[in-house]
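Notes to accompany the following structure.
The values are calculated or read from the model by the stated rules, or taken from the named source; none is laboratory data. Computed from a predicted structure; not experimentally measured. All Cβ positions, even for glycine, are placed from backbone atoms using ideal geometry, and neighbour counts span all protein chains on display. Side chains included, ligands, DNA and RNA excluded: accessible areas come from the protein's heavy atoms. Shrake-Rupley method; radii C 1.70, N 1.55, O 1.52, S 1.80 Å.
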Amino acid sequence: MELIHIFLIFSVDFLSVMLATGKPDPLKDVRINAIGKNANISWNISLNEWKTTIISLYDSKGDKVTFDSSNAYKYVPFPNTSYEIVNLTLCAEYVVNILYKNTAGQWSDFTKRKFWMTNTTVTAEIEENVELSWRTGFTDNSAISVYAPTKLIYAVQFGTLIHNSDKKKYKLGEKSKDVSTINITIIRVETTDAGLYRSRDDLNVNRCCLLVVTTKPTDPTLTISPEHPFVNSRVIFTCHSTVQRWPGYIPSNLSYQFFGNRRGDDENNKLIINTLAKSDKGMNISCQATDDRKKVSIMSDAVTLDPYYGPDNVVLKPGHTTINVTEGTTLGPIRCTATCNPKCLFRWKLNQSRTFEDVLSGETLNVENIKKNKAGIYRCLVVYPYNTTLRRRTDISVNVHFSPKIRTLWLSDKNYTYGSRSPTIYSFSEGNHLTITLRIESNPDPQIVIHSSLLKFPTLLYTKQSNDFSTKLPSLRCENTGNFTIHASNGIAYGDNRTVNLVIRCKPRDVKTERKIGTKVNTDVRIVMNVISFPAPTVTWLRKTAFIWRVEKDKYDYRHNISSTIRITSIDDFSEHGIKICNTLGCIVENITLKPEDKPEAPRNFSVETTTFRSVNLSWIVGFNGGHEQTFSVQFKTRDGGQEVTKTVQTDDITTGSTVYFTLNELKADTSYQVMVLSTNKHGKRNASLEFKTKVEPTVKSPSKSASMPGILVGIGCGIAVILIIVTSLYVFCSRRNRGTKSENENEDSNEPANAEYASVAKSKSKSKKVHYKEDEIETANDEYAVVDKSNKKIDYTENDNVYSNQGDADLLIHQPLKAKPSGRSKNQDGLTYIEVSFTRKPKDRRRIIGAENRTDYVDIDFTRKADPLPDSSDE
């Protein structure tokens, strides 16, 4: 905030309003100095340009104010440039209009300025807080109101504050009830706050304060006149800055200061150098502005003096010492300039053979459709017109570029050189490196690239002798055979091409095939191989075979498809097969491995060994596993639709052809079953199935009471005799048979828990291996187990009508009912073992047995069945 005495000066803009032809500009400066009730009006005008000035005055309502009793205008004759208006109203707003008539009798436009008659003026910058204070002359008993330019701020009546319109914008002093002095603080001043603040009673305005809102001086602009000063001329630097203030055109009284390694005289905002010298070249001048509040602007941009004197500073635009131009285009325009006063003379010359010849006169060089023979050094010669001995020159080298042209080429290796003007075929083996030499006319030197439809190489590196360019071709392979295009280019037009045909020979290599093939027995396997070879290869099997190889050329001469179909007749064909591939340059050997990939074979000779009324002994021969580990499981169910049960066969070691024995326990007596054994690997499963029926559980019948004792005794005697004979025979049979298997069965039975399922491998080389039962242990412990016989002995089960083998489906097959009831042994409820014996032929002279009609059958022997021969004694 700054409190200053009222001194108002108004200035017009530097730029004059564009007027009609001959009409004078408006007054440039108007100054108004208000003191008390008087206002002094002054202005600046050039001498001898005017004759009369007219002043008119208006109040805030736009009504004219008379200067005396009758005149509303005041004529001020030449040479007066000021006039004082007296007896104006304090705190009133006025507008003064001034125009003048020039010596030609033409009137200028009005210059209009507003001013206020006040004793107190406060200046503040935007966004700062400012305090307004002025004396009123009122007493404490007065009722007054304080106004901003557009609204009431507050009122005081008899010492009481009765109104405050905006407490956030206007802060009142501690003595705001003191009507003799007004104190107001305006928060964060804006441009709209500028204007006259008044205090008044009910009758009139007593006193006021003018708030001027201002900015800092703007960034100054420094100009030089003339823009390009000459030696010995006068140079004027003008510094210009502005300060914007509200309300109206309130002067800031800017002052200016010039900086730099300078000389000359300061006049207000101007620096004048009367005589410019060559030594002033490079002088940097800058300036700074300061307003009447001592607020300083930033420094202006510097202006550097560069006096002209000629001929000097000969410059080409564009400013190159060497210029490249393409043949057929236009050279230029190249403009030659120089500092000359008056303007110098310009001539262009061309040096081709150590002598400069005139090309044209004038500042600008322009050559259309330039040819390569127009390359050389062009010189701009500048001559001072009034002294031809004063001259300056500058040169530019013109380089004419043109597209490459291949005149000839030849190829060579370490043994041969081939000349060529047209496409030629070259044949060589892999590993030979060719050198290509091309005679090329080109500016600039070209890039050389070789490529074919199948291959593209990076840019080739070459050696140059005169116009001959030599480079080694990259290492080429058989599959690179074909036409190769050699392209020379330097970025101009399309360059030039030459084509050669290269044929590269190679021994067979890069065989692509499936080297491990999974297949099945009794299938055909097609082997297809892709090989690179030139010339074409021949193919043979390493081992003798009737299968034929077929060789077919692929899309390219060096690529071939080789195929053959072989038949897999047995598992012996699953092995590694060698293939020999040859051409005139050499041979290679490839190996193909055929491996099995199939579901396992179905178990063979699936059959029932023995049955009881509670169990059944099964056996089968293990088939080929299809190339992967196989497992076995047994599924069975009753024929009347009972629930299917699956038993996993636990085996430690199984091989193709070994025999597996497996027991199903806890079956129902006198019941028909369907049973299926499944062989499974990662590719799937196959099965064999059969049907069987368990024995009828035997019961003991009570003798009839009505039979006579002699008959009973005779029957008992006969029965006992028969039993003794049979038991004796069985004892001998079992004793001899158990000698070889007793220890094995005891170990197996003792190590397994009840109801266990397991498999073991019977590795004995005995001629026959059968499963026998120790009835008491089997029926009591209820064990289930399997025995695998690896003797690979083929067992004939053709007489068993209940065997169904080699099934391809996992479901149980529906079989016909059992035709023969298998023999077996049973126990009654007392634990006695009974043997059924059936006599198919009646004995001759059969005697009558008394009581036979009421007999109890203890033995039933079936002689239609045959047992296997007894095993050899362990003593043998």
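Per-residue answers, yes or no, for (1) surrounded by 15 or more Cβ atoms within 10 Å (Cβ to Cβ); (2) over 40 Å from the mean Cα position of the chain (by Cα); (3) among the aromatic types (Phe, Trp, Tyr):
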position: Ile504; (1), (2), (3): yes, yes, no
position: Lys507; (1), (2), (3): yes, yes, no
position: Gly518; (1), (2), (3): yes, yes, no
position: Val525; (1), (2), (3): yes, yes, no
position: Phe547; (1), (2), (3): no, yes, yes
position: Tyr556; (1), (2), (3): no, no, yes
Next on the checklist: Please determine whether any residue of the range 40-52 is out of contact with any Asp or Glu (no Cβ under 7 Å at 6 or more places or on another chain), part of a loop (DSSP other than H, G, I, E, B), of a type in the set (A, V, I, L, M) and open to solvent by 60 Å² or more (accessible area, probe 1.4 Å).
Outcome noted: yes
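Does Lys595 satisfy being open to solvent by 40 Å² or more (accessible area, probe 1.4 Å), part of a strand (DSSP E or B) and at pLDDT 90 or above?
Values: open to solvent by 40 Å² or more (accessible area, probe 1.4 Å): yes; part of a strand (DSSP E or B): yes; at pLDDT 90 or above: no.
No, not satisfied.
Going by what's in this entry, would Asp640 be described as of a type in the set (Asp, Glu) and either closer than 30 Å to Ser672 by Cβ or in a strand (DSSP E or B) (or both)?
Answer is yes for this residue.
Say we look at the range 558-568 and pick out the residues that are crowded, with 17+ Cβ neighbours inside 10 Å and not charged (D, E, K, R); which of these is farthest from the chain's Cα centre (by Cα)? Don't jump to the end; show me each part of the working.
If we filter the range 558-568 for residues that are crowded, with 17+ Cβ neighbours inside 10 Å, which is where we start, we get 558-560, 562, 564, 566, 568.
If we keep only those that are not charged (D, E, K, R) too, we end up with 558, 560, 562, 564, 566, 568.
On the way: Tyr558: 40, His560: 40, Ile562: 43, Ser564: 47, Ile566: 50, Ile568: 51 Å.
Once the filter is applied, the top-ranked residue is Ile568.
Taking strands (runs of 3 or more DSSP E) that fall entirely within the range 105-173, which contain at least 2 residues that are of a type in the set (Val, Ile, Thr)? Working first, answer last.
Numbers: elements: 111-116, 121-125, 130-135, 143-147, 152-157, 160-164, 170-172.
Where strands (runs of 3 or more DSSP E) fall fully within the range 105-173 and carry at least 2 residues being of a type in the set (Val, Ile, Thr), they are 121-125, 143-147, 152-157, 160-164.
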Checklist entry - Any idea which of (1) under 30 Å from Trp134 (Cα atoms); (2) open to solvent by 30 Å² or more (accessible area, probe 1.4 Å); (3) out of contact with any Ser or Thr (no Cβ under 8 Å at 6 or more places or on another chain) is the one Leu57 doesn't satisfy? => result (2)
Checklist outcome for this item: Scanning the range 609-643 for residues that are farther than 20 Å from Val521 by Cα and charged (D, E, K, R) gives Glu609, Arg614, Lys637, Arg639, Asp640
Item to check | Unique match (being modelled with pLDDT under 90 and either of a type in the set (S, T, N, Q) or open to solvent by 40 Å² or more (accessible area, probe 1.4 Å) (or both)) among Lys685, Lys637, Lys647, Lys705 | outcome: Lys705
Checklist outcome for this item: Within the range 446-458, residues open to solvent by less than 70 Å² (accessible area, probe 1.4 Å) and either polar (S, T, N, Q) or assigned to a loop (DSSP other than H, G, I, E, B) (or both) come out as Pro446, Ser452, Leu455, Phe457
Checklist outcome for this item: Sole miss for Ser353 among (1) closer than 13 Å to Ile396 by Cβ; (2) in a loop (DSSP other than H, G, I, E, B) is condition (1)
Checklist outcome for this item: Restricting attention to the range 297-327, the residues that are small (Gly, Ala, Ser) and open to solvent by less than 40 Å² (accessible area, probe 1.4 Å) number exactly 3
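Are there any strands (runs of 3 or more DSSP E) wholly within the range 178-284 with 3 or more residues that are open to solvent by less than 30 Å² (accessible area, probe 1.4 Å) and within 27 Å of Ser297 (Cβ to Cβ), and if so which?
Working: elements: 181-186, 195-200, 205-214, 221-225, 235-240, 255-259, 265-267, 270-273.
Answer list for the range 178-284: 205-214, 235-240, 270-273.
What number of residues within the range 208-250 are without any contact (Cβ under 8 Å) to a residue 12 or more places away in the chain and within 30 Å of Leu196 (Cβ to Cβ)?
If we filter the range 208-250 for residues that are without any contact (Cβ under 8 Å) to a residue 12 or more places away in the chain, which is where we start, we get 226-227.
If we keep only those that are within 30 Å of Leu196 (Cβ to Cβ) as well, we get none.
The total comes to 0.
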Item to check | Restricting the range 381-409 to residues that are under 20 Å from Asp358 (Cβ atoms) and free of Cβ contacts under 8 Å to residues at least 40 places away in the same chain, the residue that is least open to solvent (accessible area, probe 1.4 Å) | outcome: Leu381
Next on the checklist: Restricting to the range 569-592, name every residue that is open to solvent by less than 60 Å² (accessible area, probe 1.4 Å), under 18 Å from Phe547 (Cα atoms) and not in a helix (DSSP H, G or I).
Outcome noted: Ser570, Phe574, Ser575, His577, Gly578, Ile579, Ile581, Cys582, Glu590, Ile592
Next on the checklist: Let me spell it out: the conditions are (1) open to solvent by 40 Å² or more (accessible area, probe 1.4 Å); (2) of a type in the set (A, V, I, L, M, F, W, C); (3) more than 28 Å from Glu441 (Cα to Cα), and Ala493 meets all of them except one. Which number is the exception?
Outcome noted: (3)
Checklist entry - Is it fair to say Ser429 is hydroxyl-bearing (Ser, Thr, Tyr) and surrounded by 16 or more Cβ atoms within 10 Å (Cβ to Cβ)? => result no
